[in-house]
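A short write-up of the structure that comes next.
The values are calculated or read from the model by the stated rules, or taken from the named source; none is laboratory data. If you're wondering where the values come from, they're calculated on a predicted model, not measured in any experiment. Positions of Cβ are backbone-derived with ideal geometry, glycine not excepted, and every protein chain shown enters the neighbour counts.
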Amino acid sequence: MTTSKTIAIIGASGSMGTAISSSLAKTGNYSLLLMSDQTESLPELKSSLEQYHSNTQVHIIDCAKEASWEADIIILATPFQAEKDLAEKIREVATGKIVISIANPLNSTFDGFVTTPDTSAAEELQKLLPNSTVIKAFNTTFAADFAHTVIDGKQVDSFIAGDQETALNTVAELVAGVGFNPIIAGDLKVSRTLENMQLLMIQLGMKYNYNWLAGWKILHN
Ligand SMILES: NC(=O)c1ccc[n+]([C@@H]2O[C@H](COP(=O)([O-])OP(=O)(O)OC[C@H]3O[C@@H](n4cnc5c(N)ncnc54)[C@H](OP(=O)(O)O)[C@@H]3O)[C@@H](O)[C@H]2O)c1
């Protein structure tokens with residue numbers, strides 16, 4: 001069953017922010033609050049999203065704190081490096097809410113992380129937002145995958161990690177709604193593995209020329 005929730009997409013003008021916003025708008029199940037550092041491109045995105053589903057409410061908000069205050073769920077679709085600053089801005093108003101961490105904390109040469117092996121972007125965000133429920137999602141899917149959730153005839157798996165069952169189920173519903181096969185992989189620490197999975201996928205994509213359209217699929221009986 002779907003529920004009507006308001007979702008703030010912080011970084012809505014970026015590759016992932018646009019892909020996630022477009023996919024959520026198509027479901028018609030959510031009200032969307034679009035926020036970015038610079039808001040010039042957001043009016044065009046807003047009108048294109050409203051064409052997908054006439055019932056989808058889309059608003060542009062130029063302040064991360066205000067957008068998070070209005071939202072039930074907050075998606076940080078920004079570079080990992082922006083999250084510390086953003087977390088400080090939204091900490092108070094994100095209390096008790098789900099905050100989705102999509103970040104892969106890549107270094108500048110795309111061959112490693114700026115985080116240490118004993119943590120993950122999601123765990124670092126949870127430390128910065130102790131009164132929110134951080135859930136890892138969408139980090140193992142490329143932005144291009146959102147328009148092609150079935151690749152080579154197989155529905156792309158999308159992995160989720162977190163420490164709270166109800167929040168995991170809410171995010172799994174959201175992930176399924178946009179067309180991926182949601183797999184709850186484990187607690188928030190599993191984000192370390194999920195972030196490494198996408199590091200591997202990026203490296204393989206560059207080596208074998210996947211053109212940023214590739215995804216994970218567990219084959220099983
Ligand atoms: N691209 C992918 O396929 C992919 C896949 C999985 C996960 N991810 C993760 O998704 C995140 C976003 O990646 P992306 O490729 O979408 O990056 P991107 O295209 O560079 O977009 C980044 C977005 O973040 C915004 N932003 C930056 N600093 C901000 C701040 N302080 N406050 C508010 N907004 C801010 C930018 O806004 P302005 O443009 O207005 O400055 C832009 O909208 C990263 O953490 C990445 O690791 C990406």
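Quick check on this structure: which one of Thr39, Thr95, Thr6, Thr56 is away from the ligand (no atom under 15 Å from the Cβ), at pLDDT below 95 and surrounded by fewer than 23 Cβ atoms within 10 Å (Cβ to Cβ)?
Numbers: Thr39 fails: away from the ligand (no atom under 15 Å from the Cβ); Thr95 fails: at pLDDT below 95; Thr6 fails: at pLDDT below 95.
Residue meeting the stated conditions: Thr56.
Quick one: would you say Ala64 is under 30 Å from Glu165 (Cα atoms), under 16 Å from the mean Cα position of the chain (by Cα), of a type outside the set (Ser, Thr, Tyr) and crowded, with 21+ Cβ neighbours inside 10 Å? Explain how you work it out, then say what you get.
Numbers: under 30 Å from Glu165 (Cα atoms): yes; under 16 Å from the mean Cα position of the chain (by Cα): yes; of a type outside the set (Ser, Thr, Tyr): yes; crowded, with 21+ Cβ neighbours inside 10 Å: yes.
Yes: the conditions hold for Ala64.
Residue pairs, Cβ under 7 Å, 6 or more apart or interchain, first in the range 138-167 and without any contact (Cβ under 8 Å) to a residue 60 or more places away in the chain, second of a type in the set (Ser, Thr, Tyr) and part of a loop (DSSP other than H, G, I, E, B). List them.
Between residues of the range 138-167 that are without any contact (Cβ under 8 Å) to a residue 60 or more places away in the chain and residues that are of a type in the set (Ser, Thr, Tyr) and part of a loop (DSSP other than H, G, I, E, B), the close pairs are Ser158/Thr140; Ser158/Thr141; Phe159/Thr140.
Wholly within the range 1-108, which helices (runs of 4 or more DSSP H) include no fewer than the required count, namely at least 2 residues that are of a type in the set (Ser, Thr, Tyr)? Explain how you work it out, then say what you get.
On the way: elements: 15-27, 42-52, 64-70, 83-90.
Passing ranges, in order: 15-27, 42-52.
From the list Asp62, Asp72, which one is near the ligand (Cβ under 10 Å from one of its atoms) and either modelled with pLDDT of 95 or more or charged (D, E, K, R) (or both)?
Asp62
If you go through the range 21-36 one residue at a time, how many are away from the ligand (no atom under 16 Å from the Cβ), buried (at least 18 other Cβ atoms within 10 Å of the Cβ) and not small (Gly, Ala, Ser)? Quick ask: steps written out before the conclusion?
Here is the first cut: in the range 21-36, the ones away from the ligand (no atom under 16 Å from the Cβ) are 25-31.
Going one step further and asking which of them are buried (at least 18 other Cβ atoms within 10 Å of the Cβ), we end up with 25, 29-31.
From the residues that got through so far, the ones that are not small (Gly, Ala, Ser) too are 29-30.
The number of residues fulfilling the criteria is 2.
Of these, Phe142, Phe113, which one is among the aromatic types (Phe, Trp, Tyr), closer than 25 Å to Lys207 by Cα and touching a strand residue (DSSP E or B) at 6+ places or on another chain (Cβ under 8 Å)?
On the way: Phe142 fails: touching a strand residue (DSSP E or B) at 6+ places or on another chain (Cβ under 8 Å).
Step by step, each of Phe142, Phe113 is checked, and only Phe113 is among the aromatic types (Phe, Trp, Tyr), closer than 25 Å to Lys207 by Cα and touching a strand residue (DSSP E or B) at 6+ places or on another chain (Cβ under 8 Å).
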